Each structure stands twice: as C-alpha cells, then as structure tokens.
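Okay, structure first, notes after.
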Amino acid sequence: MTRPHIAVLGSINMDLVAYVAKAPQRGETVTGREFRTLPGGKGANQAVAAARAGATVSMIGAVGNDTFGTQLRSALDHSGVDTDLLRTVEGPSGTAHIVVDDDGGNAIVVIPGANDTLTTLSPGDTAEIASAAALLLQLEIPMEGVLAAAQAARAAGVRTILTPAPARPLPPELLAATDLLLPNEHEAAALTGLPDPADAARALLDQVPEVVVTLGAAGSLYVARGAEPVTVPARRVTAVDTTGAGDTFAGALAVALCEGNYLPQAASWASAASALSVQRPGAAASMPYRTEIDTEAGVTA
Ligand code: RIB
C-alpha cells in the first residue's frame, strides 16, 4: 500500500519529566524517583506517531537556537519525519515540565518558547499542506497559525483533524475549516460546558461534521451528523506513563483514515497504538511502529 502523506503543524517541546510516586500538592515538596529529558510537544508527538504508524510525514514548526532545538530536530529526523519546513528561531525551544505519578497520570506546564513564533505560514508551508492527504493540528502554537493552516487545508480540499489541546475557546472560522474534532473528555467539557462526553460530542456536531471524544481507559466515542454514536472500547493495560497517549491516537487515527478505513475501525486501530504507548515511558519515545500496532490490533497481512 502507498504510504499516505500527512502534514502536521504544531508544537515541539523538550519534555523534562520527573517520575514520582505521588504528585506534590500545592506547597509540598516530594522526592522523585527519576528524571528524564525526552522529545515531546503535541505537534511533534503526532508527527512521530503518524510516521511510525506508516505515513510519510512533514512537520511544520519551530525550535529555538539552543541545544534542545538541535536535539529536537534530530529526534524528528531519526523518527523519519521530514523536517525541511522546521524553522530554527532566535531564543529558547519550547519546554514541558511534567510530573508522572505511579498510576501513569501526569500534570504538565508548557513554556512555549519558539512555538510562539508560529503565527503565519510560508509559501512552502501552504504548498506542503495542500499536497497532503490530511493535516493534523493542535493548540500549543498561536491560534493565528492554527487558523491559517486549517484554512489552507480547506482551500485545497485536505482533511483537517484538530486536537483542541490545551483547551481554549475555538474561533468559529477554525471550526468551519475543521473536518474532525478530536478532544478528550475534559476538553470536550471545557468547549461545551457539558460534563457528559456524549452530550458534549452531540453539541460539537453543530459546528463540525465529525467528533471523536477520547475517554482514556474507557476508549473513545465517535459521533457524526446523521449517524448513530459508536463507542470504541480501549484495551485493558497497565499504564506507566500516559503522556502523549492522545497524540499517539491522533497520529495513528489519521493514518488509518487516510488508508480508507471507516472511522470506528480507524479508532479501534488507533486505540491499540495508544495502549502500547502508555505501557512505555515518554511521549514520542513510547510510540509504537506499524507492525506492533497491527499485532496489538489483531490485523493480519
Ligand atoms: O500531549 C503530550 C505533550 O504535551 C507532551 O509531550 C508535552 O510536550 C506537552 O506538549
């Protein structure tokens, strides 16, 4: 099968991760077990996930002219992601300060650094988006950049998949240029004010044609205009680090959709990818390769 071509516009961060039995409360100091420096950022994570799942991927983003910037670019190169459209800008790269507890849960503070410079598209970015089968977007870069990319994709008839994370209000123009919205349950609630994921998903259908709400260990919920909702179960696994699980899902889902799969089928395959990623430490570092996903999903050649 020809590898689908996917473009990703988004953040690239160095993840500074402290592993600890229990995350500290406000005002508390705790001693952790281990510290790791790992490549991350929601955009870069989705790019790596899609590349490992079988797509050719180009990443549009920015790193700083610091050591992290060099390491982040090289990590993407090593994962087979095309970095020709990555800018290196004056100043620090993005960083994410992450605490992972013994249940695999996390809390994250992101300092955007170079990611904040992504406000406009170059002619090369626009051409790259127009040539892709799908565009993956998230919200760790300025909204102007996200909107410009979504509109470039829409103008070229390219399918846009938006992960609205971190949650923030979405301009109507962005929703109008989005084909598939991919929030987790918390983001769906934040966007709609509705705590129930099914209610939130239905409300979001007023603005986009298809919604998948990821529900962590409970799987995902797919809703589309004019169709019955479908719940896709997740595999039961023991999580050691859930950082980047949503990004793994997004990257794998995009690949499966570009290969022509029906959405619930694609979500089930993407859920196999996420299940593998949460059993390993790190975000991009934990993402599975195509053969592993196929084995986990029970796909035979
Ligand atoms: O989605 C996980 C990612 O969020 C981490 O890699 C971190 O960089 C933050 O952006």
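Taken as a whole, the structure places residue 22 among residues that are more than 14 Å from the ligand (Cβ to nearest atom) and either among the basic types (Lys, Arg) or at pLDDT 95 or above (or both).
All of 37, 31 fail the test of being closer than 18 Å to residue 113 by Cα and either within 16 Å of the ligand (Cβ to nearest atom) or free of Cβ contacts under 8 Å to residues at least 40 places away in the same chain (or both), apart from 37.
Yes/no per residue for (1) under 20 Å from residue 7 (Cα atoms); (2) open to solvent by 40 Å² or more (accessible area, probe 1.4 Å); (3) in contact with a Cys (Cβ under 7 Å, 6 or more places away or on another chain):
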| residue | (1), (2), (3) |
| --- | --- |
| 56 | yes, yes, no |
| 78 | yes, yes, no |
| 93 | no, no, no |
| 110 | no, yes, no |
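Evaluate region 223-242: report whether one residue or more is open to solvent by less than 60 Å² (accessible area, probe 1.4 Å), at pLDDT 95 or above and under 18 Å from the mean Cα position of the chain (by Cα). Within region 223-242 (the criterion being open to solvent by less than 60 Å² (accessible area, probe 1.4 Å), at pLDDT 95 or above and under 18 Å from the mean Cα position of the chain (by Cα)), the answer is no, since none of the residues qualifies. With respect to the conditions (1) more than 16 Å from the ligand (Cβ to nearest atom); (2) over 22 Å from residue 275 (Cβ atoms); (3) among the hydrophobic types (A, V, I, L, M, F, W, C), residue 234 lacks only one, and its number is (2). Does residue 178 satisfy the criteria of being more than 16 Å from the ligand (Cβ to nearest atom) and within 16 Å of the chain's Cα centre (by Cα)? So residue 178 passes the test.
Count of region 4-19 residues, restricted to those that are more than 16 Å from the ligand (Cβ to nearest atom) and open to solvent by less than 40 Å² (accessible area, probe 1.4 Å), is 3. Does any residue of region 64-75 turn out to be buried (at least 18 other Cβ atoms within 10 Å of the Cβ) and within 15 Å of the chain's Cα centre (by Cα)? No, that holds for no residue. Within region 258-299, how many residues are among the basic types (Lys, Arg) and modelled with pLDDT of 95 or more? Selection size over region 258-299: 1.
Among the residues of region 53-82, those that are within 15 Å of the ligand (Cβ to nearest atom) and over 17 Å from residue 139 (Cα atoms) comprise 64, 68, 69, 71, 72, 75, 76, 79, 81.
Taking the conditions exactly as written (within 16 Å of the ligand (Cβ to nearest atom), in contact (Cβ under 8 Å) with a residue 12 or more places away in the chain, within 14 Å of the chain's Cα centre (by Cα) and surrounded by 15 or more Cβ atoms within 10 Å (Cβ to Cβ)), does residue 49 satisfy them or not? So residue 49 fits the description; yes.
Note on region 194-206: residues that are more than 15 Å from residue 226 (Cβ to Cβ) and in a loop (DSSP other than H, G, I, E, B) amount to 3.
Quick check on region 161-172. Is at least one of its residues in a helix (DSSP H, G or I) and open to solvent by 10 Å² or more (accessible area, probe 1.4 Å)? For region 161-172, residues in a helix (DSSP H, G or I) and open to solvent by 10 Å² or more (accessible area, probe 1.4 Å): present. Among all positions in region 190-202, there is at least one residue which is small (Gly, Ala, Ser), open to solvent by 10 Å² or more (accessible area, probe 1.4 Å), touching a strand residue (DSSP E or B) at 6+ places or on another chain (Cβ under 9 Å) and away from the ligand (no atom under 16 Å from the Cβ). Mind checking whether some residue in region 118-128 is farther than 20 Å from residue 87 by Cβ, of a type outside the set (A, V, I, L, M) and surrounded by fewer than 15 Cβ atoms within 10 Å (Cβ to Cβ)? Within region 118-128, none of the residues are farther than 20 Å from residue 87 by Cβ, of a type outside the set (A, V, I, L, M) and surrounded by fewer than 15 Cβ atoms within 10 Å (Cβ to Cβ). When residue 141 is tested against (1) in contact (Cβ under 8 Å) with a residue 40 or more places away in the chain; (2) open to solvent by 60 Å² or more (accessible area, probe 1.4 Å), exactly one condition is not met: (2).
The values are calculated or read from the model by the stated rules, or taken from the named source; none is laboratory data. Just so you know, these numbers come straight off a predicted model, no measurement behind them. With ideal geometry, Cβ positions are generated from the backbone for all residues, glycine too; neighbour counts draw on all protein chains shown. Just so you know, the surface numbers come from the protein's heavy atoms only, side chains and all, with ligands and any DNA or RNA stripped out. Shrake-Rupley method; radii C 1.70, N 1.55, O 1.52, S 1.80 Å.
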